[in-house]
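Remarks on the structure that follows.
Derivation of every value follows stated rules applied to the coordinates shown; laboratory data play no part. Remember, predicted model here, so these are calculated numbers, not experimental data. As a convention, Cβ positions derive from the backbone with ideal geometry for all residues, glycine included, and neighbour counts pool all protein chains shown.
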Amino acid sequence: MSSYIALFGNPNTGKTSLFNNLTGSYEYVGNWSGVTVEKKVGILRQHGVPIVDLPGIYSLQPLSRDEGVATDFLLTEPCSAIVNIVDASQLRRNLHLTVQLLEFGKPLIVALNMVDVAEKRGVKVDAEKLSRCIGAPVVPVIARTGKGTKELVRAILSLSEQSGEREHVAIDYGQDVEAAVQKISEQLPDDLLASKRWLALQFLEGNERIHAYLQTYMDIAPLVAVRDEAQQALGRPLAEHIYDARDKWIVHAIETSTVIFQQKPLTLTEKIDAVVTNKYLGLPIFLTFMYIMFMLTFDWLGSPLADLLDQFFSGPLTEWLSKLLTLVGASPFIQALVLDGIVSGVGGVLVFVPQIFILFFFISLLEDSGYMARVAMVMDRFMEAIGLNGKAFIPMIIGFGCNVPGVMAARTIEQPKERLLTILLLPFMSCSARLPVYALFAGTFFAKNQAIVVFSLYVLGIVVALGLAKLFSSTLLKNESSIFVIELPPYRMPQALTLWRSTWDKGKGFVRKAGTFIFGGSVAIWLLTYVGPKGIGVSMDDSFLAVIGGVLAPILAPLGFGTWQAGASLITGFLAKEVVVSTMNIIYHAKDMDLLQGAITQHFTPLSALSFMVFVLLYIPCLATVATIRKEAGSRKWTLISIGCALTIAYTISFLIYEGGKLFGY
Amino acid sequence: MVLTDLRQGQKAVITNLAITNEVVKQRLLHMGMHEGEKVCVKCVMPFGGPVMVEVDGQYICLRRKEAACIGVR
């Protein structure tokens, strides 16, 4: 097994930016705490050394799932050196982690990040002096621009070459604690990866993760006795005592190495916050932002672009392809497969790329500016009422892009109950894959009010999710309190390059899916329409797809779309929701959006179209989301509950809309 | 006096953190909310929503319930 260089640091100090600079990868970055929730491995550029990016932590004592990933890494994975990224403008808080990492005993380099930000705030850190104080190399960097990366690489390489003994800077915790450390160290087995002093100190401090870890190796009772004894001798909680000793050491290090030439508050951040987190304006501003996002995506900018792309696919592209196929002498079967299957299926989804990119651009803007954490704050009161906390709103916004990273992002929520609830309600967040379905149906039946109709669907998803959260938190999961503490990062002007990368990164998943999954799906679906129980080349209504979809048709009839076509596209939509549109394109033999819209007006009324959109919004999480929920919730029961709830709620609401609408004469 | 007694823009020194929920207390300690630190209330959300405070250049948002357990002077 190769030995890693591990990146540790407080949340939102630029670990992932630095990781991207060091490895040349484009991992997901953002300006709020908890962007990285899982460890990521990369290779140091040109040097072939594996580097691991870890979730941000304040201390090695994990309070949430993502933080546990970082502590577990130290306990279970071999690492040859640690790069500790430290925010120069928040030295005191950051160095508390550094101390714990130094005690871990592995060679360590401090990457002193945001020296530019610190200087703007009137703080100048002397890297030389700081290095001497803490007994580890300190390299100033600016992770956002990549400045200092070369020097850091050099320091990393020279460190891993030495790999020998490092001068230990040990903090003296006083007689009582040191005696306890000694006693515990003597009892620890010799074959553990981590240093004994570090384990002993973490145990004394009350780190539950370490407690559980030691328990698997030995009888913990004598250690607990040592801890209680030390606490008694001190006459105060051990954790406090240890914290104070560290703090004293840190304050000394800062005093020796840092010049504060001017105390400047964060004027820009304060000015922006005075408006966006204003008591009365906070919520309206957030809703306005969302409204503008939807108008741009579905009305002002997205739809015209999608139309242009559609004209290209149905016009020139199809012509070229059909000429090319005739030229190479392709059989009619192949011609039909390519033109009716692949072009319709894949093209029908790719048409929506502009709209999806606009949506992703706005989500990236939210993430990168620092507004994300404020949204959590503005929404907290509301979320509290339904038994959740504001932090749960962040995964929900991410879920608008794609539910899978949304479910992952729930890891930052501390309370297990709130985390499980957030995971369960995420599938109701309307992800970008559902967007093509809305764009198609709303564009056909509600062309004038498209944005409003789609906006209401998103709102409906949120309302259902929150209603469900309320229901669960007051019944099945009511024995746990809800908590909320969040760090609000300073605002940053989003950089064009970062924004583009972040948007592209999310969008390319959609494009790639079109090239692989939907490509394969389109071929399969077309084949199912081409062959039937009676043979090959049958008419569509006698095909296998019609048989499969026909099973569902009677069940769906009360919802207003009891056709085999609707049934078949809903079944295939479980793979990925945009496949609903691919399937319809193929079934209705539509080469472009106009033809498809024409076809669906014959099979749907505005009311049944609305009912269908609602059903697609709610009916089932897609395959990838189900797999992620299963993994993150760690429970088959809750995964099945999630699917069951979705189906029941979708059926009920669509039923009410359709049958209710009919009563009112629509 | 407790943190929630402060008005927007007012500053004080933290005298004790009597928060019962251990996770919240640890989080606040990790973020730099300690006895003896200066704290400034930046904004208060309506309908009993959370408060935003600044400690040592760090902006932290916490619920009013917990803020009411933080003694200040």
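Miscellaneous remarks
- FRET efficiency for A:S195 and A:K124, using Cβ-Cβ distance with R0 set to 30 Å, rounded to 0.05: 0.35
- Dipole of chain A [Lys/Arg +1, Asp/Glu -1 at C-beta], most positive-end residue of A:G634, A:V453, A:Q311: A:Q311
- Counting charges near A:F472 (Lys, Arg +1; Asp, Glu -1) among other residues having Cβ under 12 Å from its Cβ returns a value of +1.
- Taking every alpha-carbon pair under 8 Å whose residues sit at least 6 apart, chain A reaches a relative contact order of 12 percent.
- Here each label is just a point 7 Å from Cα along the line to Cβ, and for A:V459 and A:L623 those points are 3.5 nm apart.
- Placing a label point 7 Å from the Cα of A:S158 along the Cα-to-Cβ direction, the residues of region A:85-113 whose backbone N falls under 18 Å of that point are A:107-112.
- FRET efficiency, 1/(1 + (r/R0)^6) with R0 30 Å, evaluated for A:D116 and A:K150 via beta carbons: 0.95
- Applied to region A:525-537, the Karplus parametrisation 6.51 cos²θ - 1.76 cosθ + 1.60 on θ = phi - 60° returns per-residue 3J(HN,Hα) values of 5, 4, 4, 5, 7, 8, 10, x, x, 8, x, 9, x Hz, with x for Gly and Pro.
- Partner aspartates and glutamates whose Cα lies under 19 Å from the Cα of A:K129, excluding those fewer than 8 positions away in the same chain, are identified as A:D87, A:D116, A:E119, A:E151, A:E167, A:D247, A:E255.
- Amide H contacts under 5 Å for B:T15: B:G36, B:G71, B:V72, B:R73, restricted to partners 5 or more places along the chain or on a different chain, H placed in the peptide plane at 1.01 Å from N.
- For A:G235, net neighbour charge (Lys/Arg +1, Asp/Glu -1) across residues whose Cβ lies under 15 Å away: -3
- Mean partner shielding of peptide A:385-394, defined as the number of other chain Cβ atoms within 10 Å of each residue Cβ, is 1.
- Peptide ranges A:204-215, A:559-570 listed from the most packed, as the mean C-beta count within 10 angstrom indicates: A:559-570, A:204-215
- Converting phi to 3J(HN,Hα) with the Karplus coefficients 6.51, -1.76 and 1.60 and the offset θ = phi - 60°, region A:443-457 yields x, 7, 9, 10, 3, 6, 10, 3, 4, 5, 4, 5, 4, 5, 5 Hz in sequence order, with x at every glycine or proline.
- Here the relative contact order of region B:3-72, from alpha carbon pairs under 8 Å that lie six or more residues apart, stands at 40 percent.
- Across region A:93-108, coupling constants 3J(HN,Hα) worked out from phi with the 6.51/-1.76/1.60 Karplus curve, θ = phi - 60°, read 5, 5, 5, 4, 6, 4, 4, 5, 6, 4, 5, 4, x, 7, x, 9 Hz, and Gly and Pro carry x.
- Taking amide H as placed 1.01 Å from N in the peptide plane, the amide H of A:K147 sits under 5 Å from that of A:I142, each at least 5 places away or on another chain.
- Pairwise Lys count, region A:509-666 - Cα closer than 22 Å, eight or more residues apart or different chains: 5
- Beta bridges by DSSP in chain A, antiparallel share as percent, to the nearest 5: 35 percent
- Rounded to the nearest 500, the helix-only mean residue ellipticity at 222 nm of the protein assembly as shown stands at -17500 deg cm²/dmol, with each DSSP H run of n ≥ 4 adding -39,500 (n - 2.57).
- A:I43 long-range amide H proximity, modeled H, under 5 Å: A:I51
- The mean number of Cβ atoms from other chains found within 10 Å of a Cβ in peptide B:30-41 is 3, as a whole number.
- Computed magnitude of the charge dipole of chain A (debye, nearest 20; Cβ of K, R +1, Cβ of D, E -1): 920 debye
- Filter on A:K120/A:K391; A:K417/B:K65; A:K417/A:K478; A:K39/B:K25; A:K15/A:K40; B:K11/B:K38 - keep pairs with C-alpha separation over 18 Å: A:K120/A:K391; A:K417/B:K65; A:K39/B:K25
- Length-normalised contact order of region A:304-439 in % [C-alpha pairs under 8 Å, at least 6 apart]: 19 percent
- The mean count of C-beta atoms from other chains within 10 Å of the C-beta of residues in A:348-355, rounded to a whole number, is 0.
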